[in-house]
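Below is one structure, written out as structure tokens; comments come after it.
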Amino acid sequence: MIIVTGGSGKAGRACIRELKEHGHEVTSVDQMRPAGSDVRFSLVNLTDFGQTMAALSAIDERVAEVSGVVHLAAIPAPGLAPNHVIFETNMLSTYNVFEAARQLAITNIVSAYSLSKLLGEEMAKQFCRWDPELKIFGLRFSNIMEPEDYAAFADFQDDGKKRKWNLWGYIDARDAAQAVRLALESKLKGADVFIIANAETVMAASNEELLRQEFPEVPRKRAFAANETLLSIEKACRVLGYAPRFGWRASAEARG
């Protein structure tokens, strides 16, 4: 059984579909049921350690022998709550998931970090030092998009400043789910971190034009293709076998 926390979010819904399609049993743990889903679900507050332990050990007779945890539950972006609330919620829930998994001898964890990413990654390293059989892979998603979100991409094109905050990157929720599954199925151990992005940017303008306008003083170690991602996914491709399959350009071409 795979526990997916935050199963009602963009990445969570796609992750549940991906895992079920590849033969995994899944239970969603969240504050709300995934819309339109028949997946097993349990209402859990992950900032409460007792609830987290119960969720990962045996919610009821239907959920037992948890073999992996995908921790996606978080307040996903700045501004959705006061900064201290986002930090407290995301850090405490991440700690509770890691510690509950350690106590329950669940050694396969995939996690996505937001505001608390640096501390979460350092915490993952320490947990893996305690247990050499433990795997905690952190996936750095930025700007998760579902297919219906692509209609808004036309509005990005008139001003490169609008999306420069993450170097014009994005990730299709279905490819985020692919990366989660590959990380979960990996036989490697220890703590590691991977950037997960689409192979392309959100912009029709070339990288050369965008970088010249927005980052003229930043040196470049190599040349970039016109629209290739500037968020390096090389490590995820090499180690996990990740290969982006979906994107806004292909979607636009399919619509004609």
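The values are calculated or read from the model by the stated rules, or taken from the named source; none is laboratory data. Everything numeric in this text was worked out from a predicted model, so none of it was measured. Because the Cβ atoms are built from the backbone with ideal geometry, glycine has one as well, and the counts that use them run over all protein chains shown.
Listing for the model above:
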| read-out | value |
| --- | --- |
| Residue check for Y150: at pLDDT 95 or above and either of a type in the set (V, I, T) or within 27 Å of G12 (Cβ to Cβ) (or both) | no |
| Failed item, numbered, when P244 is tested on (1) within 30 Å of H22 (Cα to Cα); (2) assigned to a helix (DSSP H, G or I); (3) not charged (D, E, K, R) | (2) |
| Residue that is farthest from the chain's Cα centre (by Cα), among those in segment 1-34 that are farther than 10 Å from L72 by Cα, outside any strand (DSSP E or B) and among the small types (G, A, S) | G23 |
| Given (1) aliphatic (A, V, I, L, M); (2) surrounded by 15 or more Cβ atoms within 10 Å (Cβ to Cβ); (3) not in a loop (DSSP other than H, G, I, E, B), index of the condition L230 fails | (3) |
| Residue satisfying condition, being at pLDDT 90 or above and under 17 Å from M203 (Cβ atoms), within set F246, F224 | F224 |
| Given (1) modelled with pLDDT of 95 or more; (2) in contact with a helix residue (DSSP H, G or I) (Cβ under 7 Å, 6 or more places away or on another chain), number of the condition I144 does not satisfy | (1) |
| Out of S232, S251, sole residue that is within 27 Å of H71 (Cβ to Cβ), modelled with pLDDT under 95 and among the polar types (S, T, N, Q) | S232 |
| Qualifying residue in segment 114-131 (condition: touching a Ser or Thr at 6+ places or on another chain (Cβ under 6 Å), at pLDDT 85 or above and crowded, with 18+ Cβ neighbours inside 10 Å) | no |
| Qualifying positions in segment 160-199 - β-branched (V, I, T) and under 27 Å from C128 (Cα atoms) | V180, V193, I195, I196 |
| Any pair with Cβ under 6 angstrom, 6 or more apart, that starts in segment 161-180 at a residue that is closer than 14 Å to Y242 by Cβ and ends at one that is outside any helix (DSSP H, G or I) and of a type in the set (F, W, Y) | I171/F141; D172/F246; R174/F246; D175/F246; A176/F141; A179/Y242 |
